[in-house]
1. Using the reciprocal of the averaged 1/r over all distinct C-alpha pairs, how large is the Kirkwood radius of the chain in Å?
2. Of the listed peptides 417-424, 40-47, what is their order by residue-averaged count of other C-beta atoms within 10 Å, with the highest listed first?
3. What percent do you get for the relative contact order of the range 15-141 when only Cα pairs under 8 Å and 6+ apart count?
4. Regarding the range 57-179, what whole-number volume in Å³ per residue does the convex hull of its Cα atoms give?
5. Find the cysteines in the chain that fail to meet the 4.7 Å Cβ criterion with every other cysteine, and list them.
6. What size of dipole, in debye to the nearest 20, comes out for the range 242-373 about its Cα centre when the only charges are +1 on Lys and Arg C-beta atoms and -1 on Asp and Glu C-beta atoms?
7. Which of Ala349, Thr185, Met87 sits closest to the plus end of the dipole of the chain, meaning its Cα is farthest towards the positive end, when Lys and Arg get +1 and Asp and Glu get -1 on the C-beta?
8. Residues of the range 94-137 with the amide nitrogen closer than 19 Å to a label point 7 Å from the Cα of Glu165, along Cα-to-Cβ, please.
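None of the figures in this text is laboratory data; all of them are computed from the coordinates on show. Just so it is clear, the structure is predicted and the values come from calculations on it, not from any experiment. Reconstructed Cβ throughout: ideal geometry from the backbone, glycine too, with neighbour counts over all protein chains shown.
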Amino acid sequence: MALEKMRGRRIQIGELAVVVGAGRSGRAAARLLSREGARVRLLDRNAAALSPEQTAALRKLGVDVRLGEHSPEQFEHAAFVVPSPGMPAAKLRQYLGHGQGAPEVLAEMELAWRYLNDEPVLAVTGTSGKTTTASLAAAMLQAQGYTVFLGGNIGTPLSEYVLSERKADVLVLEISSFQLQTCSTFCPRAGVLLNITPNHLDYHKDMAEYQEAKFRLFRCQDEGDLAILGEDLKDLARGFNLRARQVWVRESGRFAKGRLLGAHNKFNEEAAWQACRFFGVSEANAARAVARFAPLPHRLELVREHGGVLYVNDSKCTTVSSLEVALRAFDRPLRLLCGGKFKGGDLAALGGLLRERVREVALFGASREHFETAWQGLVPLHWHATLEEAVRALHASATAGDVVLLAPATSSFDLYDNYMARGDDFKRIVSELA
C-alpha cells in the first residue's frame, strides 16, 4: 500500500542527542535515541518534572537527566536537539551554535518518522477539529478492517509506536504547528489541513509564521500523495506550491446518522472520509463508523439534560474562532459560560451572533475585562470568581429549552491545569445540580 519516502539521517552510535522537555513525548524520544545507541541528555527546567521512579528508569538506560535551568554547555557537541512541543525552536537558538557543526533541531515526530518502516501515514492538522477528525479517520479505517495506530499530538507519541515494534496498516497522526515547525522530512501519504484561524500567537512570532508551520504538512509530498484542505484555504494555498493531488472540502450531509453536534462536525466527517477513501475505505464502512462515533470529551460533549435544560461541555473551546463554531452548533437559546486566560482574537466580531443566539453570558475567572469591553450592552452579562458560581447562576435563570454551554474561548490556566480539568469540573458541578 505504501511507498517508501525520503527520511532524514538517523542518529549514529555514540553521538549526543539533547532532548528538551521531560513530558511524555520527551521521555519517549529519549528512550528511542538510547535504543539507537546515542548518548542522550534529557533536560527540563522544572526540577519536579520527573518522579524518582521515572528518573531512575531513564538513568538505567544511560540517559543523562538534568533538571533545572538550561545552559549553553548542556548542548555542546550535540548532533540532534529534540524540543518538546511547547518549546519554540527560536528560544533554543541562544544555546546552540550556528552554521556548520550546529545541531539539527527536530520534533519528536520527525525523529520517530525516521525509524518507521513503510507504514503509510494519514496526518491531520488545523487550528480546530483535528482531534475529532483524526479519531474519525481512525474509526473509518478500523471499520474497513485495518489495524490502526492513532497518536501524535492526540496522546501517544509516535516514538512509543516505534519502540513497541507493533505493525499497523495505517498510522493516523494528529500534528500541531509546534511539531510541524521542526519537521523537515515528515511526509504523510494523506495530509489534512482543516482550517487556519488566529491561534498560538504567543508562540509563533506572527500569523505568517503560524500559517507556514501548518503548510509544512505538505512540504515533502509529491504527485502520488493527497492533500486535503478546507475550501476556504484555496487562496492561501496558492503561496505554498503544493505538489500533491488536492481535494477541497466543504461541509457535507453525506453522513446523516452521525452523533456529533454542529455543522463543523459535518465538515470534519467529510474531511476524514476524503482521507480514508484514499486508503480504500468504502463509503458504507465510513458511514458505519460515523454512526457509532461518540463525541470526544470536552468537545461539545452532552453532559446532562435537567429540567428541560441541556448542559454542554465545550471546554476544548480555547479561541474566539472555536467559540463562533460552538455558538452556531445549536438552534436552541444559549446561556453561555466564558472566561480564562485570553489568547487574543476579535470578540467584538461575534456581537451579531451573540445577540441572535445568546440569552445571557456568565463570565468566570480571568479576562473579565476583554469580554466586558467587547460585549457589554449586547446581552445580559455578569462575572463570577469561579466556574461553579457561574454555572449555578445560569442554572437559576435557565428555562426549559435552553442550553447552558461551557465554551470559554480561552485557555484554562487561570483556574485549572488544563482544559480537561476545567471540563471535568463543569461536569461535576452539573451532576450535583438539584
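1. Values: mean 1/r = 0.0434 Å⁻¹.
Hydrodynamic radius (Kirkwood, Cα only) of the chain equals 23.0 Å.
2. Working: 417-424: 17.9, 40-47: 19.4.
Descending mean neighbour count gives 40-47, 417-424.
3. Details: 175 pairs, mean separation 31.2, N = 127.
Over the range 15-141, the number comes to 25 percent.
4. Numbers: hull volume 17.1 nm³, N = 123.
It comes to 139 Å³ per residue, whole-number rounded.
5. Cys183, Cys276, Cys317, Cys338 - these cysteines have no disulfide-compatible partner (Cβ-Cβ under 4.7 Å) in the chain.
6. Dipole magnitude for the range 242-373 comes out near 460 debye.
7. So the residue furthest toward the plus end is Thr185.
8. It comes to 112-119, nothing else.
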